[in-house]
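Working notes for the structure below.
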Amino acid sequence: MSIKGKVWKYGDDVNTDVIFPGKYTYTITDPKEMALHALEDLDSKFAKEVKKEDIVVAGRNFGCGSSREQAATCLKYAGVGAIVAKSFSRIFFRNAINQGLPLVQCKEAAGNISSGELIEINFEKGKLSCKKGVFDFPPLPELVLGILKDGGLIPHTKKILKIEKGE
């Protein structure tokens, strides 16, 4: 499983209220509408210009803040193919995987990638290729790859249950 996409680069401590503005928490429930507001308080161009499989690259502690799932949901439905960061908030990490949004923690790569460049990520091999070279990261575990390939934890679980029932 691999992707190739254009980079949107941000800094440290991008919190969930910046990813999906808190003012919409209780008024927007449709994931497609959430996507229209992704990162609007940080980068007004993002939601209008992001393309399918574009990649967000950030510094440390990406997704810190509240535990709201909307932050991961809005990025997935905006078309983001993956997020690469120096580190992630633990709760955001879990929410993103549950949504089927791949995350790569790689300090070296995150610091060597520029906004707008095209990068490629191979999740099974743990390789990220960019202008400054190829960076290694721990390959994603088979269970996580299954969740990502199936589009999230719920579709993955439904698929596993069907297999176990012989459907």
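Being among the polar types (S, T, N, Q), more than 14 Å from residue 15 (Cβ to Cβ) and surrounded by 22 or more Cβ atoms within 10 Å (Cβ to Cβ) is a property that does not hold for residue 70.
For (1) modelled with pLDDT of 95 or more; (2) surrounded by 19 or more Cβ atoms within 10 Å (Cβ to Cβ), each residue gets a yes or a no:
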residue	(1), (2)
97	yes, yes
105	yes, no
123	yes, yes
128	yes, yes
148	yes, yes
161	no, no
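Reported count of residues in segment 31-90, each being on the phi < 0 side of the Ramachandran plot, among the charged types (D, E, K, R) and in a loop (DSSP other than H, G, I, E, B), is 11.
Answer yes or no as to whether residue 9 is in contact (Cβ under 8 Å) with a residue 60 or more places away in the chain, in contact with a helix residue (DSSP H, G or I) (Cβ under 7 Å, 6 or more places away or on another chain) and more than 20 Å from residue 100 (Cβ to Cβ). For residue 9, the condition - in contact (Cβ under 8 Å) with a residue 60 or more places away in the chain, in contact with a helix residue (DSSP H, G or I) (Cβ under 7 Å, 6 or more places away or on another chain) and more than 20 Å from residue 100 (Cβ to Cβ) - is not met.
Residue check: residue 25 meets all listed conditions (1) at pLDDT 95 or above; (2) over 12 Å from the mean Cα position of the chain (by Cα) but one, namely (1). The residue list 131, 127, 162, 107 contains one member that is without any contact (Cβ under 8 Å) to a residue 12 or more places away in the chain and farther than 18 Å from residue 81 by Cα, which is 162.
The values are calculated or read from the model by the stated rules, or taken from the named source; none is laboratory data. None of these values were measured; they are calculated from a predicted model. Positions of Cβ are generated from backbone atoms using ideal geometry, with glycine treated the same way; all protein chains shown enter the neighbour counts.
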